[in-house]
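See below for the structure under consideration.
The values are calculated or read from the model by the stated rules, or taken from the named source; none is laboratory data. Remember, predicted model here, so these are calculated numbers, not experimental data. We place every Cβ from the backbone using ideal geometry, glycine too, and count neighbours over all the protein chains shown.
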Amino acid sequence: MNHDNYSDAYLREILHSVKTVAMVGASPLWNRPSYFVMKYLQSKGYRIIPVNPQAAGEKILGETVYADLAEVPEPIDMVDIFRRSEAALPIVDEAIRKHAKIVWMQLGVRNDEAAAKAEAAGLKVVMNRCPKIEYSRLHGELAWSGVNTGIISSKRRRL
Amino acid sequence: MPETRKPGFDTLAVHAGASPDPATGARSTPIYQTTAYVFDDVDHAASLFNLQSYGYIYSRIGNPTVSVLEERMASLEGGRGAIAVATGHAAQMLAFFAFMEPGDQFIASRKLYGGSITQFGRSFKKFGWDAIFVDPDEPENFRRALTPKCKAIFVESIANPGGVVTDIAAIAEIAHQAGLLFIVDNTLATPYLCRPFEWGADLIVHSTTKFLAGHGHAMGGVVIDSGKFDWAQNQKFKTLTEPEPAYHGLRFYENFGDLAFTVQGHAVGLRDLGASLAPLNAFLTITGIETLPLRMERHVRNALAAAQHLERHPAVAWVSYAGLESSPYRALAQKYMPKGAGSVFTFGLKGGYEAGVKLVESVELFSHLANIGDTRSLIIHPASTTHRQLTEEQQAAAGAGPEVVRLSIGIESIEDIIADLDRGLAASAR
């Protein structure tokens, strides 16, 4: 799979199929990017489970933080990786063990070896993208901020 | 549209940013004539103020009609995002405000629109921003003028009023080697004729008052970000990379990535400079842009015919239009704007200052006024109007000496445009 470009249909299908997302590297600090993404995705109806060994046992936006993916006591649809690219491989191993269906690496995070491993295990992979940005772009909200969404349509926008 | 097709420029000019209204299905873009927007609850309000969700708070910072124009312009220029503002001058102010601090410098072409030279050279000084002006015809001049305090280089793709075309790619390279931001004013070319991001520009500014709106009904400006500039490559752009105190230590570049400039331009630039675009003016500009490709085709065709006619006229000393064989800028024009060199150009009268005054006062189809890029043909004598605040030396450097007349050729019948020029030139030679 080409990880330089993703079709809108590919991203839309992923964002519409997942319900529970484990966010590895979620921060309890309100002005960190992960907190922005978690809060936004919660507002769109996703269940976000934060994973961060430094904040294990604390709560972020009402959700208990786990030290690692293996500790999360319920099924996970997608793992969102908010860590350095080099840290992605062991997280992907855990995602495969947890039977997650999708591995999503944040803007600036790309690890082709980890991606290949996930894909070999039947998971879908997105790298170097932000689910908040992609969700809002595909649903017209990003255009409210003056951003070029690349979407041309004579159909009423779905909110 | 199916994703396998990349929409053409003319399709984007009509559709980009303007899907039917989600609430009503209105096909034309509604004019959201409102100052403020209700919050669902306190938490929703907090999310908006913290920039954690997308939405409207107050029309000084964002408005749905204005957003359509922003996306339309970002799309036409091939950029990531845009900030629409009240005027072209406000666009320049907002672009520099994003990263300049007292004591900082930037290098600008000295062949800019006279109003920009005044804004940069005088009013910017009050903020402690220092503009260094150089002759853009020799790109190395920009390199020679570099100082440790320089943060950006600013040029116009086609200079107003001189018919001068800038070597965008060469200057972009000099800017990027020095870690500077490269800003191009693309007002006179419009993205239909020239696409500066494809030649290395990082930001593009426009006065939308001109060809983009086209009708002369509405003022407006826009700053477009390519989304490709690395704000963290050096220590020059701390307002984007370091914690922003007014947003509790948020770092725009870290949080918003390639959207950082667009988000900061609204959240800080529009918030504090207050140069918001009126929704009605955004609507009028959007409507104008729909026909931009059709109008520009006619503008450049008429301009070339008028310039060729003037070049043969006995009362005319010279014509400076980059579309002419005789122009020293012809090669640059063919490289950067192969569809035409715009429709604003200057020519010199053998009769000097007096002949210039007589000409502008005796034409009947051309309107004597201080604007360009209208559907109507426009004429002005810069030395007695737009450039009169400059010294004679600055006037000459800007291509606006005493004998110079500037034309903005409209989309009327070319026979009528030429007949009116002939009548005016005959009167000016008397």
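Some observations on this one:
- In the stretch B:77-115, residue nearest to the other protein chains (Cβ to nearest Cβ) [restricted to those that are in a helix (DSSP H, G or I) and more than 17 Å from B:D202 (Cβ to Cβ)]: B:A90
- Within the stretch A:131-150, the set of residues being more than 7 Å from chain B (Cβ to nearest Cβ) and buried (at least 23 other Cβ atoms within 10 Å of the Cβ) comprises A:P131, A:K132.
- Taking the stretch B:305-335 as the range and being touching a Ser or Thr at 6+ places or on another chain (Cβ under 8 Å), in a loop (DSSP other than H, G, I, E, B) and over 17 Å from B:A355 (Cβ atoms) as the test, the residues that pass are B:Y321, B:S327.
- Residues located in the stretch B:127-158, provided they are among the hydrophobic types (A, V, I, L, M, F, W, C) and over 24 Å from B:A98 (Cα atoms): B:I158
- Number of the condition not met by B:L193 [criteria: (1) buried (at least 22 other Cβ atoms within 10 Å of the Cβ); (2) in contact with an Asp or Glu (Cβ under 9 Å, 6 or more places away or on another chain)]: (2)
- Residue that is nearest to the other protein chains (Cβ to nearest Cβ) [pool: residues in the stretch B:229-267 that are under 22 Å from the mean Cα position of the chain (by Cα) and without any contact (Cβ under 8 Å) to a residue 60 or more places away in the chain]: B:A260
- Of the helices (runs of 4 or more DSSP H) contained entirely in the stretch B:229-286, those carrying at least 1 residues that are surrounded by fewer than 20 Cβ atoms within 10 Å (Cβ to Cβ) fall at B:238-241, B:252-256.
- Filtered residues of the stretch B:384-396 (kept if surrounded by fewer than 19 Cβ atoms within 10 Å (Cβ to Cβ) and not charged (D, E, K, R)): B:S384, B:T385, B:Q389, B:T391, B:Q394, B:A396
- Of all residues making up the stretch B:394-428, the number that are modelled with pLDDT of 85 or more and part of a helix (DSSP H, G or I): 15
- Residues (out of contact with any helix residue (DSSP H, G or I) (no Cβ under 6 Å at 6 or more places or on another chain) and assigned to a helix (DSSP H, G or I)) located in the stretch A:14-35: A:I14, A:H16, A:S17, A:S34, A:Y35
This table checks each residue for (1) among the β-branched types (V, I, T); (2) closer than 26 Å to A:Y35 by Cα; (3) assigned by TED's automatic domain parsing to the domain that holds B:A23.
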{"site": "B:Q52", "(1), (2), (3)": "no, yes, yes"}
{"site": "B:Y58", "(1), (2), (3)": "no, yes, yes"}
{"site": "B:G62", "(1), (2), (3)": "no, yes, yes"}
{"site": "B:T65", "(1), (2), (3)": "yes, no, yes"}
{"site": "B:E77", "(1), (2), (3)": "no, no, yes"}
{"site": "B:H89", "(1), (2), (3)": "no, no, yes"}
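- Considering A:Y66, A:Y35, the condition of being under 22 Å from A:R129 (Cβ atoms) and among the hydroxyl-bearing types (S, T, Y) is satisfied by A:Y35 alone.
- Candidates A:I81, A:I102, A:I60 - the one that is among the aliphatic types (A, V, I, L, M) and under 23 Å from B:Y253 (Cα atoms): A:I81
- Test: residue in the stretch B:363-383 that is loosely packed, with under 14 Cβ neighbours inside 10 Å and touching a residue at least 12 places away in the same chain (Cβ under 8 Å): yes
- When B:R80 is tested against (1) exposed (fewer than 15 other Cβ atoms within 10 Å of the Cβ); (2) modelled with pLDDT of 95 or more; (3) not small (G, A, S), exactly one condition is not met: (1).
- If you go through the stretch B:162-186 and keep only what is at pLDDT 95 or above and assigned to a strand (DSSP E or B), you end up with B:V165, B:L181, B:F182, B:I183, B:V184, B:D185.
- So A:Y40, is it without any contact (Cβ under 8 Å) to a residue 40 or more places away in the chain, within 21 Å of A:S136 (Cβ to Cβ) and not in a loop (DSSP other than H, G, I, E, B): no
- Restricting attention to the stretch A:104-129 and to residues that are free of Cβ contacts under 8 Å to residues at least 24 places away in the same chain and among the aliphatic types (A, V, I, L, M), the residue that is farthest from the other protein chains (Cβ to nearest Cβ) turns out to be A:A120.
- Checking every residue in the stretch A:82-89 against the condition of being closer than 30 Å to B:E77 by Cα, within 14 Å of another protein chain (Cβ to nearest Cβ) and in contact (Cβ under 8 Å) with a residue 24 or more places away in the chain gives zero matches.
- When A:L159, A:L142 are checked against the criterion of being touching a Phe, Trp or Tyr at 6+ places or on another chain (Cβ under 9 Å) and modelled with pLDDT under 95, a single residue qualifies: A:L142.
- Complete set of residues in the stretch B:196-228 that are assigned to a helix (DSSP H, G or I) and more than 14 Å from chain A (Cβ to nearest Cβ): B:P196, B:E198, B:W199
- Pairs where the first residue, in the stretch B:39-62, is more than 10 Å from chain A (Cβ to nearest Cβ) and the second is among the β-branched types (V, I, T) and in a helix (DSSP H, G or I), C-beta under 8 Å, 6+ apart: B:S59/B:V66
- Listed by first and then second residue, the pairs linking a residue in the stretch A:51-66 that is in a loop (DSSP other than H, G, I, E, B) to a residue that is among the small types (G, A, S), with Cβ atoms under 6 Å apart and 6 or more places separating them unless they lie on different chains, are A:N52/A:A26; A:A56/A:A67; A:V65/A:A55; A:V65/A:A56.
- All positions within the stretch B:138-160 that are at pLDDT below 95 and more than 17 Å from B:V205 (Cα to Cα): none
- Every condition in (1) touching a helix residue (DSSP H, G or I) at 6+ places or on another chain (Cβ under 7 Å); (2) closer than 23 Å to B:L421 by Cβ is met by B:G265 except one, and the failing one is (2).
- Filtered residue count, the stretch B:404-421, keeping only those that are surrounded by fewer than 21 Cβ atoms within 10 Å (Cβ to Cβ) and closer than 16 Å to B:T346 by Cα: 1
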